[in-house]
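Okay, structure first, notes after.
The values are calculated or read from the model by the stated rules, or taken from the named source; none is laboratory data. In this text, all values refer to a predicted model and were calculated from it rather than measured experimentally. When we count neighbours, we look across all protein chains shown, and the Cβ atoms used for this are built from the backbone with ideal geometry, even at glycine. Just the protein is used for accessible areas: all its heavy atoms, side chains included, with ligands, DNA and RNA removed. Shrake-Rupley method; radii C 1.70, N 1.55, O 1.52, S 1.80 Å.
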Amino acid sequence: MSNLVILGGSGDVGSRLVRLLSDHQEWKVWAVSRRNRAVETAHENVVYTALDVARPDAAHSLPDDAMVVNLTEATPPGLVAEILARGGTVLDTSATPSYVHALIRAADGTNGCLVTGVGTAPGLSTLMAAALASDKRVETLRIGVELGMGRHYGQAAAEWFFRTLGQPYDDPVTGRSVFPGTHPWRFSFAQNEAPRLALDVAFPDEGIHPGGLELRVHHYLAVDPPFVTRLFAVAQRLRLGRWMSEHPRQMTKLSQWLPQFGQLRTRIAAVAFDCEGKEIAANLFEGGDQADLTAAMILVTLEAMRSSDARHAGANSIVDHLDLEQALSGLRRHLDPMITV
């Protein structure tokens, strides 16, 4: 039996991951959160632990030989560095570039294994884009993620959304810092569907570039129903994104009062273009709840790493452990019939 620590184990994704692990008796699961909140599960090998991961001595409260899944950006990079320094493995799901880069710096010089982008986006979206990037004609990749508003998402996911709207990023074409919504794009998230507006945002792209090949990778975020995306586009033009980014908790509380509408689904479109801007190919994906997909992607990655003898020391991405076909096969096994490609 192997130890598996889930930092953020009682959150939206963490609770779903704990339930998925009910059928995996090879793991002893340590569900760690700030408050000791048990999750209903048939898994008899779950230990619920209350721990403030920001404490200087937090690493001493975790098993030495555990594989760690980090679901919260409240985890200090210094804690991750301690885990990696003693040879541990950390799987991270963060979608904030600055946080991911801080973790990569923390992994530098350690003999542990840090895997970034273990989720839906980045994660599944990374694999979809990397599969297209293997074509040498590709110069530009555009990756759109559409989130359905069929339910209220967890606090961490909602706060990330509002913070992202105010986080400048370096434009892949000009290299200049721009705000989200400056260069929107329209995606057909399904065949024979009219294109939908998506806003350009900051997103990690580790693992997409094959063999060090330099590509222009653009990331976009859309909301279903489409009129909500248009409302956020207007807010961005009015320069309200920075204000929302500075008040993510207040915006999250406000959003909880709004009605639940739109479909409960997650869609991803990865589209490749050549040097003349002509579309070469596209990978399209449609699944269910984003939290379910992320939990299943974590489990698929864990299974792949357990079955492989190779161990990649230092910082690497999900592309080093999975390919797109493996990921889709695993998702179908855990979530079927929620997956359409």
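Under the criterion of Cα pairs below 8 Å and six or more residues apart, the relative contact order for the chain equals 20 percent. Annotation: for a label point projected 7 angstrom from Cα along Cα→Cβ of D57, no residues of segment 70-103 have a backbone N closer than 15 Å. Taking a point 7 angstrom from the Cα of Q256 along the C-beta vector, which residues in segment 142-173 have backbone N less than 12 Å away? The answer is 152-156, 158-159.
Packing around the peptides 179-191, 196-208, taken as the average count of other Cβ atoms within 10 Å per residue, puts them in this order, highest first: 196-208, 179-191.
Ordering of 50-61, 161-172 by packing is 161-172, 50-61, highest average first (other Cβ atoms within 10 Å, averaged per residue). Based on alpha-carbon atoms, the Kirkwood radius and the radius of gyration of segment 254-341 give Rg/Rh equal to 1.07. For Y153, the accessible area of its heavy atoms, probed at 1.4 Å with every protein chain present, is near 40 square angstrom.
Judged by the mean number of other Cβ atoms found within 10 Å, the most tightly packed of the peptides 331-337, 114-120, 269-275 leads the ranking 114-120, 269-275, 331-337.
For the pair D23 and K278, label points projected 7 Å from Cα toward Cβ lie 4.6 nm apart. Sites listed here are trypsin sites (Lys or Arg not before Pro) in segment 24-108 whose DSSP assignment is loop and whose Cβ has at most 16 other Cβ atoms within 10 Å: R34, R35, R37, R86. Determine the gain in length on full extension of the stretch A194-H312; use 0.36 nm per residue of separation and subtract their C-alpha separation, reporting nm with one decimal. Between A194 and H312, full extension yields 38.3 nm more. Comparing mean-square fluctuations of V68, V228, V13 from a GNM of the chain with C-alpha springs under 10 Å, the top value falls on V228.
For K136, the lysines whose Cα falls under 23 Å of its own Cα, not counting residues fewer than eight places away in the same chain, are K278. Loop-resident GluC sites (Glu not before Pro) (DSSP state other than H, G, I, E or B) in segment 231-324 with no more than 15 further Cβ atoms inside 10 Å of their Cβ: E276. Under conditions of 20 °C and 1.002 mPa s, the chain yields 105 µm² s⁻¹ as its translational diffusion coefficient, taking Rh as the Kirkwood radius over Cα pairs in the Stokes-Einstein equation.
Solvent-accessible area per residue in segment 119-256 equals 48 Å², computed with a 1.4 angstrom probe and all protein chains kept.
With contacts taken as Cα pairs under 8 Å and at least 6 residues apart, segment 1-135 reaches a relative contact order of 19 percent.
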